[in-house]
1. Could you please find all residues in the stretch 148-205 being of a type in the set (S, T, N, Q) and not in a helix (DSSP H, G or I)?
2. If you check THR49 against the conditions, is it free of Cβ contacts under 8 Å to residues at least 60 places away in the same chain, more than 28 Å from HIS110 (Cβ to Cβ) and polar (S, T, N, Q)?
3. List every residue pair whose Cβ atoms lie under 7 Å apart, where the two residues are 6 or more positions apart in sequence or sit on different chains, the first residue falls within the stretch 12-23 and is in contact (Cβ under 8 Å) with a residue 12 or more places away in the chain, and the second residue, located anywhere, is open to solvent by less than 100 Å² (accessible area, probe 1.4 Å) and part of a helix (DSSP H, G or I).
4. Going by the structure shown, is SER172 of a type in the set (Ser, Thr, Tyr) and more than 27 Å from SER211 (Cβ to Cβ)?
5. Which of the numbered conditions does TRP90 fail, given that it passes all the others? Conditions: (1) open to solvent by 40 Å² or more (accessible area, probe 1.4 Å); (2) under 21 Å from PHE236 (Cα atoms); (3) part of a helix (DSSP H, G or I); (4) not small (Gly, Ala, Ser).
6. If ILE283 meets every condition in (1) modelled with pLDDT of 85 or more; (2) more than 24 Å from the chain's Cα centre (by Cα); (3) of a type in the set (Val, Ile, Thr) apart from one, which number is that one?
7. Identify, please: which residue in the stretch 12-69 is in a helix (DSSP H, G or I) and basic (Lys, Arg) and is, among those, farthest from VAL266 (Cα to Cα)?
8. Does the stretch 26-49 hold any residues that are of a type in the set (A, V, I, L, M) and within 29 Å of GLU65 (Cβ to Cβ), and which are they?
Amino acid sequence: MGALRPWARYGLLVVAHLLALGLGAAVLQALEGPPALHLQANLRAELATFQAEYRACLPPRALEELLGTALAAQAHGVSSLGNGSQARNWDLPSALLFTASLLTTTGYGHMAPLSAGGKAFCVVYTALGLPASLALVAALCHCLLPVLSHPGAWVATHWQLTPATAALLQASGSGLLVAGIFVLLPALVLWGLRGDCSLLEAIYFCFSSLSTIGLGDLLPGHDHGLHPVLYYLGQFALLGYLLLGLLAMLLTVETFLELPQVRAMVKFFRSGGPLNAEDEGGILGQDELALSTLPPSAAAPERAPAC
């Protein structure tokens, strides 16, 4: 592998990525194909039963046209379900959640602008706001990473760990902490508040939100039967969860990217030259974590005065 040219290494990356895409598609096709066909058969059966019972009251294709109009409106976040006092379309919490989904690239897809002005504003707003959001997150990560490295440095010093082992321990601890606080705990709360989703679905929603996938098939508070106070609290809670959770997720990813093993792998695919000591050790040899984890016996001896 070390004798491969850089273009051959990039080719291996592309082939591996394509194989991963094919594997994911095959697994999803095998898992989701039968339930989708079963749901489609049930829907056709329900539609046939409805038409057979009310055919005399409905003109031909009237039901299909009504359902098409309702589904098109639902795709833009407009629903006619429930009474008029409970219809919440583009109120302040919903608009804030929509803008947060734009700037965090979550994009739940439960709402979309209707007017030409709204679509044009979304383009300009995202083009200007997304770089500003990325710059803010980068600045916060730069400020918080040294602070978050202090517990790992103390543990490494107390246990006399090597810098590489301390970095791996810190990355694993950060990952478990973020998974517990921002995935498992919110999933348990969501599971307890909503009776129409399982714990697995709640975990699936939390992970898809923090990974900015945002499939939009499960939204807390997006229920017309909720009390207005609970609805507003749910929307604002989701807004804060997205902002804080995404920052925690990026901090964890940055911690894993600083592992010596990851940096060595990136160096292997980036150039054909041999790895130097800095690449093998990563940035841990430059930051305070590496300096604080060196045992006293490993410190460089003082130069003896010249005679």
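The values are calculated or read from the model by the stated rules, or taken from the named source; none is laboratory data. All figures in this text were calculated on a predicted structure; none of them were measured in a lab. FYI the Cβ positions are ideal-geometry reconstructions off the backbone, even for glycines, and counts take in every protein chain you see. Protein only, heavy atoms only, side chains kept; ligands, DNA and RNA dropped before computing areas. Shrake-Rupley method; radii C 1.70, N 1.55, O 1.52, S 1.80 Å.
1. Residues of the stretch 148-205 of a type in the set (S, T, N, Q): 149, 157, 160, 162, 165, 170, 172, 174, 198.
Those that are of a type in the set (S, T, N, Q) and not in a helix (DSSP H, G or I): GLN160, THR162, SER198.
2. It is true that THR49 is free of Cβ contacts under 8 Å to residues at least 60 places away in the same chain, more than 28 Å from HIS110 (Cβ to Cβ) and polar (S, T, N, Q).
3. Pairs that qualify, where the first residue is in contact (Cβ under 8 Å) with a residue 12 or more places away in the chain and the partner is open to solvent by less than 100 Å² (accessible area, probe 1.4 Å) and part of a helix (DSSP H, G or I), are LEU13/PHE269.
4. Values: of a type in the set (Ser, Thr, Tyr): yes; more than 27 Å from SER211 (Cβ to Cβ): no.
Considered against the rule, which asks whether it is of a type in the set (Ser, Thr, Tyr) and more than 27 Å from SER211 (Cβ to Cβ), SER172 comes out as no.
5. So the condition that TRP90 fails would be (3).
6. Only one criterion is unmet by ILE283, namely (1).
7. The qualifying residue farthest from VAL266 (Cα to Cα) is ARG55.
8. Pass one, the stretch 26-49, residues of a type in the set (A, V, I, L, M): 26-28, 30-31, 36-37, 39, 41, 43, 45, 47-48.
Across the stretch 26-49, the qualifying residues are ALA36, LEU37, LEU39, ALA41, LEU43, ALA45, LEU47, ALA48.
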